[in-house]
Amino acid sequence: MKKILTEVPEHILVKPDVIKKGQRWSSDYNIAAWFRFTELKNQTIKLFVIWTDSEGEHSVLVDYTVINSSTILMSGIAHLELKGNIKNMFVAVGTESEAYIVDELFVQATRSTLKLKMA
């Protein structure tokens, strides 16, 4: 089960003016989150990005690990395949553990990887 950590602010989302309705394209985002755990349960934790475009809601796994330390940095590049403009984006976590605090959360568009694709 995925739990939303935060909605990514509108100004961070890549929304090129050249994208036409229904056009396919891709964009990458650098995602990082520092987790602090109050209990160590040796459970898996996964970091996701969830977004909505003209085809509906999608998600991609950014990073995963086992909770074996009181602090864990999870990070990676989220590659989004999009159709039309992106409507919203969320960072989410998947874990059975409820004993965590997110100390820092970072989302950055890597605009240099934007590639338009023919529909």
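The values are calculated or read from the model by the stated rules, or taken from the named source; none is laboratory data. Every value quoted in this text rests on a predicted model; they were computed, and no experiment measured them. Please note: Cβ atoms are built from the backbone with ideal geometry, for glycine as well, and neighbour counts cover all protein chains shown.
Condition check for K46 on (1) closer than 17 Å to L73 by Cβ; (2) over 14 Å from the mean Cα position of the chain (by Cα); (3) not aromatic (F, W, Y): one failure, at (2). Among the residues making up segment 20-45, those that are touching a Gly at 6+ places or on another chain (Cβ under 7 Å) and either among the acidic types (D, E) or over 21 Å from V91 (Cβ atoms) (or both) are K21, G22, Q23. If we scan segment 26-38, do we find a residue that is surrounded by fewer than 15 Cβ atoms within 10 Å (Cβ to Cβ), modelled with pLDDT under 95 and either part of a strand (DSSP E or B) or of a type in the set (F, W, Y) (or both)? Yes, segment 26-38 has at least one match.
Going residue by residue through segment 59-68, is there one that turns out to be at pLDDT below 95, part of a strand (DSSP E or B) and closer than 18 Å to I4 by Cα? For segment 59-68, residues at pLDDT below 95, part of a strand (DSSP E or B) and closer than 18 Å to I4 by Cα: absent. For segment 100-114, residues that are more than 30 Å from T38 (Cβ to Cβ), at pLDDT 55 or above and exposed (fewer than 13 other Cβ atoms within 10 Å of the Cβ) total 1.
Taken residue by residue, segment 48-55 has at least one member that is out of contact with any helix residue (DSSP H, G or I) (no Cβ under 9 Å at 6 or more places or on another chain), exposed (fewer than 13 other Cβ atoms within 10 Å of the Cβ) and assigned to a loop (DSSP other than H, G, I, E, B).
Put simply, of I72, I77 the only residue that is of a type in the set (V, I, T) and under 13 Å from the mean Cα position of the chain (by Cα) is I77. Give segment 1-25 a look and list any residue that's surrounded by fewer than 10 Cβ atoms within 10 Å (Cβ to Cβ), within 26 Å of Y100 (Cα to Cα) and modelled with pLDDT of 90 or more, or say none. Residue satisfying the conditions is P9 alone. Pairs linking a residue in segment 46-75 that is among the acidic types (D, E) to a residue that is at pLDDT 95 or above and assigned to a strand (DSSP E or B), with Cβ atoms under 8 Å and 6 or more positions apart or on different chains, are E57/I50; E57/W51; D63/I31; D63/K46; D63/L47; D63/M74; D63/S75; D63/G76. Within segment 81-99, being surrounded by fewer than 16 Cβ atoms within 10 Å (Cβ to Cβ) and either touching a residue at least 24 places away in the same chain (Cβ under 8 Å) or not acidic (D, E) (or both) holds for E81, K87, N88, G94, E96, A99.
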